[in-house]
Amino acid sequence: MAASDEKAGKTKIVIAENGPYLVSGALPLDKQIIEIGSDGNPSRWAQGEKFPAQESRALCRCGGSRDKPFCDGLHAKNGFDGTETASREPFVRQAETINGPDLVLDDAQDFCALARFCHRKGSVWEFTENSGEPESRKNAISNACDCASGRLVARDKKTGKPIENKFVASLSLIEDPQKKVSGPLWVKGRVRIESADGFAYEKRNRVTLCRCGQSGNKPFCDGTHVSCGFNDGDETLKR
Ligand code: FES
């Protein structure tokens, strides 16, 4: 994606009223799969299918398309209510703060997409509380940074600056073979997201948008895809 596209305002996701995500600016699209370690917890994000580059796409938001991840227009027939109910406050105003000796962890639970990396090798909250120890500090940072939804953000205690993986602006479809479900659309690299009524949500390094149509915190994922058994037909779910 050319940097000039971002400048020209072409790179963005516009949420159609009761309809799809209208993606423009040739954002790369792939699948990212939650790989499970020997302890039964997520261990890493594994690269899945990569989709051919395309200048613009309409991605299904109602969960009903017969051509997922793309929209096939079914939302107009299945009564999809895509009303956006999420808070429009900045992340830091929605987050609780956990203060450790070396790190601060901001935690806004409403964003949780149930990817479960917060429990890798232990709990991100305990690692933060013990962040004076180098190993705990490292684990707190890696667990927070692998939180696709951006629910968890680790900050350096001295500078107050967020510690983030560097992402290029891109999109990933999350697949969760352990739970046998498909997950949300992972939006990386501070992509502009516009609501159906023209509001620009806070630009963030990572955020997850609902694809199952059932979230109670639209447009963001709230983890409901697990309980509703959302399946976009991905091959990895059949293992
Ligand atoms: S995809 Fe997670 S709640 Fe819809």
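The values are calculated or read from the model by the stated rules, or taken from the named source; none is laboratory data. None of the values given here were measured: they were computed from a predicted structure. Backbone-built Cβ (ideal geometry, glycine too); neighbour counts: all protein chains shown. Just the protein is used for accessible areas: all its heavy atoms, side chains included, with ligands, DNA and RNA removed. Shrake-Rupley method; radii C 1.70, N 1.55, O 1.52, S 1.80 Å.
Odds and ends about this structure:
- In order along region 47-64, phi translates into HN-Hα couplings of 5, x, 3, 10, 8, x, 4, 8, 5, 8, 8, 10, 9, 4, 10, 8, x, x Hz, rounded to whole numbers, per the Karplus curve 6.51 cos²θ - 1.76 cosθ + 1.60 with θ = phi - 60° and x for Gly and Pro.
- Under the Karplus curve 6.51 cos²θ - 1.76 cosθ + 1.60, θ = phi - 60°, whole-Hz ³J(HN,Hα) for region 29-41, x wherever Gly or Pro sits: 10, 9, 10, 10, 10, 6, 8, 9, x, 5, 8, x, 9
- Near the amide H of SER43, within less than 5 Å, lie the amide hydrogens of GLU35, ILE36, GLY37, all on another chain or at least 5 residues away, with H placed in the peptide plane.
- Rounded to the nearest 20, the Cβ-based charge dipole of region 1-119 about its Cα centre (Lys and Arg +1, Asp and Glu -1) stands at 480 debye.
- Long-range amide H partners of PHE70 with built H, under 5 Å: CYS60
- Protein accessible area in the chain, 1.4 Å probe - carbon and sulfur %: 49 percent
- Measuring nothing but alpha carbons in the chain and taking Rh as the Kirkwood radius, the Rg to Rh ratio lands at 0.96.
- Taking only the alpha carbons of region 84-160, we obtain Rg and Dmax values of 12.2, 42 Å in that order.
- As a ratio to 2.2 N^0.38 Å, the alpha-carbon radius of gyration for region 158-202 is 1.56.
- Set LYS10/LYS68; LYS161/LYS218; LYS166/LYS203; LYS31/LYS188 screened for pairs whose C-alpha atoms are more than 20 Å apart: LYS10/LYS68; LYS161/LYS218
- Cα centroid of region 50-94 to Cα centroid of region 120-140, whole Å: 35 Å
- Dividing the radius of gyration of the alpha carbons in region 8-149 by their Kirkwood radius gives 1.05 for Rg/Rh.
- Alpha-carbon geometry of region 14-83: the Rg and the Dmax are 15.2, 44 Å, given in that order.
- ³J(HN,Hα), Karplus 6.51/-1.76/1.60, whole Hz, each residue of region 218-225, x for Gly, Pro: 4, x, 7, 6, 10, x, 4, 4
- Annotation: the antiparallel percentage among DSSP beta bridges lying fully within the chain is about 80.
- Close amide H pairs (under 5 Å, H built 1.01 Å from N) link ALA115 with no residue at least 5 positions away or on another chain.
- For ILE174, the shell of other residues with beta-carbons less than 9 Å away shows a net charge of 0, using +1 for Lys and Arg and -1 for Asp and Glu.
- Crossing angle, helix 134-145 versus the chain [Cα axis fit, 0-90 degrees, rounded to tens]: 10 degrees
- Lys, Arg +1 and Asp, Glu -1 on Cβ, resulting dipole of the chain about Cα centre, debye, nearest 20: 400 debye
- Proximal aspartates and glutamates to LYS121, defined as alpha-carbon separation beneath 17 angstrom and excluding residues fewer than eight positions away on the same chain: GLU35, ASP39, GLU129, GLU133, GLU135, ASP146
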